[in-house]
Amino acid sequence: MVRRALGNHHVGPDTLLVTSDLETSDPVTSGLETSGPAKQTGTVADETEHGAELTGLVRGARYVLFDFDGPICRLFAGRPAAGIAREQVAWLDAQGLGDALTPEERTDADPHSALRSLGLQRPSSDLVVEMEKRLTEQELQAVPTAWPTPYADPLIRTWSAVGARLAITTNNSPEVARRYLEGRGLSVCFEPHIYGRTQDLKRLKPDPYCLNRALNAMGAAPAATLMIGDTPTDLRAAEAAGVAFLGYARNENKKRLLREAGASQVVESLQGLLRILLDRS
């Protein structure tokens, strides 16, 4: 295993890059169990109610589709997404279009909520194009302060090293995902399969458009594909595309929302997935 830190982020088990020279006896590997912000002391089975099923999902995945903001990083770690969502609503109010949003959409902390709603009501309008552009600019500004999800870097490296093909399927701008991955030295694990938001906002998840683009481009069989996401819209998109789904929940609220949406497999740390891959290698 090769260890090196990347970018301007902290050094810890979540920032280690794993090459194909995998050795589970390596001290770096053993350190995954005892150090870092996502410290875990249990077994893989402790991560979910169905440890054997989780192991089967991970080891059986020949293709893995990652949502970006959540499973790979906290894009808005330096500036909460809820604040950007409020700015979008305020901007719509200033355009005299605040009434286009429902009360729920006006208070939703997801920056995509208002954009999705307006895109459905006024597809391809200049207003929607401008709103999408503004969000992309906000996302690009967030890249330098994005915080890596614990264990995401080594998980991505390891999954790629053992032969899985990886893709990004996100509602964020694909350029944003690309820049973040380049900064972390992870582009080689995904390129050219980075599929994100277009100006056709009807195609945002839960529409499976970006997932289907990835499947078609990689020649992937849905039955051999796993998606990792952190929202009910990710789950719905995976269901529509016919691929297995694994939920990632960094807090109890996200876990509750995924469970209520019907996700049968939800993990609170990516460490267990990395263990499964290292054990088989």
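Scan (1) in contact with a Leu (Cβ under 7 Å, 6 or more places away or on another chain); (2) among the hydroxyl-bearing types (Ser, Thr, Tyr); (3) under 21 Å from residue 145 (Cα atoms) for the single condition residue 225 breaks and write down its number.
Status for residue 225: all satisfied but (3).
Of the numbered conditions (1) at negative phi; (2) touching a Pro at 6+ places or on another chain (Cβ under 9 Å), residue 151 fails exactly one; give the number of that condition.
(1)
In this structure, is residue 35 modelled with pLDDT under 85, among the hydroxyl-bearing types (Ser, Thr, Tyr) and assigned to a helix (DSSP H, G or I)? Give the steps one after another, and end with the answer.
Working: modelled with pLDDT under 85: yes; among the hydroxyl-bearing types (Ser, Thr, Tyr): yes; assigned to a helix (DSSP H, G or I): no.
No.
Residue by residue, here is whether (1) within 30 Å of residue 128 (Cα to Cα); (2) in contact with a strand residue (DSSP E or B) (Cβ under 9 Å, 6 or more places away or on another chain); (3) among the hydroxyl-bearing types (Ser, Thr, Tyr); (4) open to solvent by less than 10 Å² (accessible area, probe 1.4 Å) holds:
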| site | (1), (2), (3), (4) |
| --- | --- |
| 207 | yes, no, no, no |
| 227 | yes, yes, no, yes |
| 231 | yes, yes, yes, no |
| 238 | yes, yes, no, yes |
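Taking segment 38-50 only, how many residues are out of contact with any Ser or Thr (no Cβ under 7 Å at 6 or more places or on another chain), open to solvent by less than 70 Å² (accessible area, probe 1.4 Å) and either at pLDDT 85 or above or not hydrophobic (A, V, I, L, M, F, W, C) (or both)?
So the answer is 2.
Looking only at helices (runs of 4 or more DSSP H) that fall completely inside segment 103-180, which ones have 3 or more residues that are open to solvent by 40 Å² or more (accessible area, probe 1.4 Å), touching a helix residue (DSSP H, G or I) at 6+ places or on another chain (Cβ under 7 Å) and within 16 Å of residue 92 (Cα to Cα)?
111-121
Enumerate the pairs (first residue in segment 105-122 and in contact (Cβ under 8 Å) with a residue 60 or more places away in the chain and among the basic types (Lys, Arg); second residue anywhere and crowded, with 19+ Cβ neighbours inside 10 Å and not in a helix (DSSP H, G or I)) with beta-carbon separation below 8 Å, excluding pairs fewer than 6 apart on the same chain, so at least 6 apart or on different chains.
Cβ pairs passing all conditions: 116/204.
Residue under question is residue 273, and the condition is that it be at pLDDT below 95 and open to solvent by less than 50 Å² (accessible area, probe 1.4 Å); does it hold? Don't jump to the end; show me each part of the working.
On the way: at pLDDT below 95: no; open to solvent by less than 50 Å² (accessible area, probe 1.4 Å): yes.
So residue 273 fails the test.
The values are calculated or read from the model by the stated rules, or taken from the named source; none is laboratory data. Please read all numbers here as calculations on a predicted model, not as lab measurements. Cβ: placed from backbone, ideal geometry, glycine included. Neighbour counts: every protein chain shown. All accessible areas refer to the heavy atoms of the entire protein, side chains included, with ligands and DNA or RNA removed. Shrake-Rupley method; radii C 1.70, N 1.55, O 1.52, S 1.80 Å.
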